There are 2 protein chains.
Amino acid sequence: MDTRWAIFGTGGISAKFVSGLRHAKGAKPQLVVSRSAESGRRFAQAFGIPEVAEGYDSVTAASPFDVAYIATPPSEHARHAIACIEAGKAVLIEKPFASSVAEARRIADAARAQGVFCMEAMWTRFNPAARRLRDLIRDGAIGEVRQAHGAFCFTNKPDAANTSFDPQRGGGALAQLGVYPISLLHWLFGAPEGVEAFGRIGDTGVEEDAAISLRFAGGAVATVNTSLRALGDNGLRIGGTHGSIAFEGPIFRPYGVRVQRMAPRRKGSDTGLGRKALLREQGLPQKLSQWHGLLTRSGKVDRQLFAGNGYHYQVEEVGRCLAAGLQESPEMTLADSIAVMETMDTVRERIGGQGK
Amino acid sequence: MDTRWAIFGTGGISAKFVSGLRHAKGAKPQLVVSRSAESGRRFAQAFGIPEVAEGYDSVTAASPFDVAYIATPPSEHARHAIACIEAGKAVLIEKPFASSVAEARRIADAARAQGVFCMEAMWTRFNPAARRLRDLIRDGAIGEVRQAHGAFCFTNKPDAANTSFDPQRGGGALAQLGVYPISLLHWLFGAPEGVEAFGRIGDTGVEEDAAISLRFAGGAVATVNTSLRALGDNGLRIGGTHGSIAFEGPIFRPYGVRVQRMAPRRKGSDTGLGRKALLREQGLPQKLSQWHGLLTRSGKVDRQLFAGNGYHYQVEEVGRCLAAGLQESPEMTLADSIAVMETMDTVRERIGGQGK
C-alpha cells in the first residue's frame, strides 16, 4: 500500500512539494490540513487530494495518513510536528527545521521518545547532483578539500505581512535561503568549528543579508552569502588541491556538477620569456579565452538530469526509511538538523549587534 | 618624448608587465635592474630593452629612466621604492604594495616628502571591465548594493623556495592573490568597517587559505575566498536590490561584465497553483533550464575586449598623472594602498591563531 501523506499548510512550498510527490514511487497525497477549510479545499482540488481537515489541532491518531509534511511558518513547526508525533505519525518538516535550537531539540526529543520517524525536508541532500558531488569529493576527484563557497540570494520586496520578512514567524535570509548552503556544507564537512558573520537587519526586524565565514575540522574554510534583497551567484563550489567541483544550476535545484581537474603548478612555470608565453599573454589564445569565457567555464560537466522538480527524492527517502523501520534518515539526521540550527543561531548572534 | 621605464626584477610578473607595456602609448622600457647582470641581460634581450643595471643599489638620480616599476619580492618593495623615490624617480610598485602596513606608510611618507609620483600596480582598477562595472553600479543599474563575492584561488605546489610560500619575502595567499578582490572591494565601497576571517597556515609558515567576511559603511556585506592550494571561481559579483553585476572572465583579467536586472519580487507570487506554475515546476521550461543552464547564466553581457594583456592601462595612467603633475592617481591613492594593507593585516591576525 502506498504511504499516505498529509500536507500541513497550503502555501507555495506545499504546492511545489505535492507537485514533486507525483513523481515519487509508493507515495500519495491523502489529506490537506489547513487553518481555513476554504484554502484547504482549493488546494485539494488543484492537486486531486481526497480529504481536507480544518485546523491543525484536528489531527488525531485516527486521521487517515502515515506521514505529515509540515509546511506551516517556521514558528509553528514545533507545535504542529509534536502534535503529529504524539499522535504516532511520522513527520517531514520543511526547513528551517524550527525557529530556534531549543525548539529543534524539543521536536527531536519528542520523536525519539515516541519512536516515530522525523526528518527535515532538506531535499537538496537527496538530489542526484548533490550525491554525485559528494561521491566525487570522497573519491578524491579534487584532492584535499581546502575551500568552498555557497550562495543563495534573491531580490524580494520587504513586506512584514510576508513570512520571509516576519521575525515572529521565523523569517530572515538565513532561515529562508541561507539554510541551503549551510546545510549542504554541514552534510559534506560536518558542523563548523568556527563561525563568523556580518549582516544587516532590515526594517521588519529580520536579517536581510549575511556574509558568513566558516572553518571546518581539518582546516577547510568556506564562505556563504545569503540575502532576501539582492541577487547572488546561487551556486555551490568546492575547491581542492587538484581541482574543483561546482553545481551546474542553482543551489536550490542543481542538475549536474562541473569538475575541473588541475595538477598543482609550480609558480612561475607559466610566466617565462618564451614565444609561447608571449603568445598566451598577447596573441590569439588570449583573444579566444576572452571571447569564449574558457577560463571560467572549463571543466567536464556531469549532468544529473531528473524528471519533475526533484522533490520526489526526499519523499522516496522517507518511504525507504519507513519500510526499513528507521526513525531517522542516515543522510539527514536529527543531530544534523540541530547542528545546522546552532550554526544559524551563531550567525544571527554575530549579526545582532551590527544594526541596520 | 616617451616616458622611460626601469624594470626592477626579472621574474614572471615583470615579463607580463613589459609585454603589456608595448601596447601603452607614450611609454617605453629603457632599463632592466636586476640582482644578477646575467638575468638582466637575458630579460633585456627577450624584450629589446636597451640598458641593463646590475644590483638594485646602482640606481641614482642620473640613471636613464623616469619611472621605476618595482617587481622584486614584497619584502624588498620598501627598500627599492624608497631608494628610487630619494633619487627623485616616480615609482609603480607591484602588489602587494609592501609586506606590512608600517612599510607601506614609510613608502607613502617618502613619496610625499620628495614630491614624486607613487602608485601601487593594482592594474585591475584600470581595466575597462572594472571601470564599466563601477560605472554601472554608480548609475544604479542594480539598485542599492547589498552583497558581493570575490575569489582568487589557484592550486600550487607548496615550495619554500617560492616567493608565494615564503613568509620572509612577503608570501601567502592574501599578498599573492587575495589582494585582488580585497583591493577591488575597497575601490568600489571604501575600506570595510568590519573584517573577520578563517584560514589555514601551511608548512612553510604562510596562510595558504582564507575565507573572509567584510562589512562596509551603509551595510553592504561581502565574502572573499583566496587560496594558494585550491581552485576557486575567481570571479567578482555584486548583488543589489534590482539585480547583479559580475565580471566575465577571471578577476585578474576580466574582459566584460554580465548584468542581470531583476525587479524585487513579492514572495509567493511565483508559487501558485495555476497551470503555468505547474508547467514551470514540472514541464518543458524546467527541462530547458536544466539543459541550458539558463538560470545561472542569464543576463546581458557587456564585453570590454582589449588588445594585449591589459597591463598597458595602468602604464597609461602613470603617463597621464606625470603629464598632469600629479603625485598620486585619484583611482589608486596611497591612502587606499595603506587601507588595503590594513585589511590584509587584520585578516592575517584573525588567521594567526587558527593553526595548521
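Would you be able to say whether some residue in segment A:170-185 is under 22 Å from A:Ala335 (Cα atoms), assigned to a strand (DSSP E or B) and within 11 Å of chain B (Cβ to nearest Cβ)?
Within segment A:170-185, the subset under 22 Å from A:Ala335 (Cα atoms) is A:170, A:174-185.
Okay, now just the ones that are also assigned to a strand (DSSP E or B), so none.
Checked segment A:170-185: no residue is under 22 Å from A:Ala335 (Cα atoms), assigned to a strand (DSSP E or B) and within 11 Å of chain B (Cβ to nearest Cβ).
Filter segment B:267-282 down to the residues that are surrounded by fewer than 16 Cβ atoms within 10 Å (Cβ to Cβ) and of a type in the set (D, E, K, R), then identify the one that is modelled with the highest pLDDT.
Per the stated criteria, the residue is B:Lys276.
Quick one: which of A:Asp135, A:Asp159 is of a type in the set (D, E, K, R) and at pLDDT below 95?
Residue meeting the stated conditions: A:Asp159.
With the requirement that a residue be within 14 Å of chain B (Cβ to nearest Cβ) and within 18 Å of A:Arg79 (Cα to Cα), what does segment A:15-58 give you?
A:Val32, A:Ser34 - these are the residues of segment A:15-58 that are within 14 Å of chain B (Cβ to nearest Cβ) and within 18 Å of A:Arg79 (Cα to Cα).
Tell me yes or no: at least one residue of segment B:311-322 is at positive phi and not basic (Lys, Arg).
Within segment B:311-322, none of the residues are at positive phi and not basic (Lys, Arg).
Could you tell me which numbered condition B:Gly240 fails, if it satisfies all but one of (1) facing chain A (nearest Cβ under 8 Å); (2) closer than 14 Å to B:Ser164 by Cβ; (3) more than 20 Å from the chain's Cα centre (by Cα)?
(2)
Filter segment B:189-209 down to residues that are of a type outside the set (D, E, K, R), within 27 Å of B:Gln168 (Cβ to Cβ) and facing another protein chain (nearest Cβ under 7 Å), then give me how many there are. Reasoning before the result, please.
The first filter runs over segment B:189-209 and keeps only residues of a type outside the set (D, E, K, R), leaving B:189-192, B:194-195, B:197-199, B:201-202, B:204-206.
Pick out the ones that are also within 27 Å of B:Gln168 (Cβ to Cβ) and you get B:195, B:197-199, B:201-202, B:204-206.
Then drop every residue that is not facing another protein chain (nearest Cβ under 7 Å), which leaves B:197-199.
Total meeting the criteria: 3.
Does any residue of segment B:122-145 turn out to be closer than 26 Å to A:Gly194 by Cα and in contact with a Pro (Cβ under 7 Å, 6 or more places away or on another chain)?
First pass over segment B:122-145, keeping only residues closer than 26 Å to A:Gly194 by Cα: none.
No, segment B:122-145 contains no residue that is closer than 26 Å to A:Gly194 by Cα and in contact with a Pro (Cβ under 7 Å, 6 or more places away or on another chain).
The rows are residues; the columns are (1) β-branched (Val, Ile, Thr); (2) crowded, with 20+ Cβ neighbours inside 10 Å; (3) on the phi < 0 side of the Ramachandran plot.
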residue: B:Asn162; (1), (2), (3): no, no, yes
residue: B:Ala173; (1), (2), (3): no, yes, yes
residue: B:His186; (1), (2), (3): no, yes, yes
residue: B:Glu193; (1), (2), (3): no, no, yes
residue: B:Thr204; (1), (2), (3): yes, no, yes
residue: B:Leu231; (1), (2), (3): no, yes, yes
residue: B:Val259; (1), (2), (3): yes, no, yes
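Against the condition touching a residue at least 40 places away in the same chain (Cβ under 8 Å) and within 28 Å of B:Gly239 (Cβ to Cβ), how does B:Gly170 come out, does it pass? Steps first, answer last, please.
Details: touching a residue at least 40 places away in the same chain (Cβ under 8 Å): yes; within 28 Å of B:Gly239 (Cβ to Cβ): no.
For B:Gly170, the condition - touching a residue at least 40 places away in the same chain (Cβ under 8 Å) and within 28 Å of B:Gly239 (Cβ to Cβ) - is not met.
Go through (1) surrounded by fewer than 20 Cβ atoms within 10 Å (Cβ to Cβ); (2) touching a strand residue (DSSP E or B) at 6+ places or on another chain (Cβ under 7 Å); (3) touching a residue at least 60 places away in the same chain (Cβ under 8 Å); (4) of a type outside the set (S, T, N, Q) and name the single condition A:Pro50 misses.
That leaves (3) as the condition not met.
Out of segment A:109-124, which residues are in contact with a helix residue (DSSP H, G or I) (Cβ under 8 Å, 6 or more places away or on another chain) and either modelled with pLDDT under 95 or under 26 Å from A:Ala24 (Cα atoms) (or both)?
Matches in segment A:109-124: A:Ala111, A:Val116, A:Phe117, A:Cys118, A:Met119, A:Glu120, A:Ala121, A:Met122, A:Trp123, A:Thr124.
Touching a strand residue (DSSP E or B) at 6+ places or on another chain (Cβ under 6 Å) and within 21 Å of A:Arg348 (Cβ to Cβ), is that true of A:Gly143? Steps first, answer last, please.
Numbers: touching a strand residue (DSSP E or B) at 6+ places or on another chain (Cβ under 6 Å): yes; within 21 Å of A:Arg348 (Cβ to Cβ): no.
Considered against the rule, which asks whether it is touching a strand residue (DSSP E or B) at 6+ places or on another chain (Cβ under 6 Å) and within 21 Å of A:Arg348 (Cβ to Cβ), A:Gly143 comes out as no.
The values are calculated or read from the model by the stated rules, or taken from the named source; none is laboratory data. Since we're looking at a predicted model, the values are computed, not measured. Neighbour counts run over all protein chains shown; Cβ positions are idealised from the backbone, glycine included.
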